[in-house]
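These notes are about the structure you will find just below.
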């Protein structure tokens, strides 16, 4: 599954990473590449945490830019 990430400019010059499908996913990076890498790592961990908590794993929503 592929989950969409959103990068937000943070006030300290870093990039905040969020995932609309997995609201518990937040990360950051000093560059776009760094933020994407950290976001991907956070997304890999989120389903395992949901399974451990007995929570469902949502399917990815639309990957379109209109989302």
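Out of the residues in the range 1-20 that are under 8 Å from the mean Cα position of the chain (by Cα) and in contact (Cβ under 8 Å) with a residue 40 or more places away in the chain, state the one that is surrounded by the fewest Cβ atoms within 10 Å (Cβ to Cβ). Reasoning before the result, please.
Let us first name the residues in the range 1-20 that are under 8 Å from the mean Cα position of the chain (by Cα), namely 3-6, 17-20.
Filter again for in contact (Cβ under 8 Å) with a residue 40 or more places away in the chain, leaving 3-4, 20.
Numbers: 3: 21, 4: 18, 20: 15.
In this case the residue turns out to be 20.
With the requirement that a residue be more than 17 Å from residue 60 (Cβ to Cβ) and within 13 Å of the chain's Cα centre (by Cα), what does the range 21-31 give you?
Result: 26, 27, 28, 29.
Among the residues of the range 3-18, count how many are in contact with a helix residue (DSSP H, G or I) (Cβ under 6 Å, 6 or more places away or on another chain) and closer than 19 Å to residue 60 by Cβ.
4
Residue 32 fails exactly one of the following numbered conditions: (1) surrounded by 15 or more Cβ atoms within 10 Å (Cβ to Cβ); (2) free of Cβ contacts under 8 Å to residues at least 40 places away in the same chain. What is the number of that condition?
Every listed condition holds for residue 32 apart from (1).
All of the numbers you see were taken from the coordinates with simple rules; none came from a lab. The structure presented is a predicted model; accordingly, all values stated were derived computationally and were not measured. Glycine also receives a Cβ, built like all others from the backbone with ideal geometry; neighbour counts cover every protein chain displayed.
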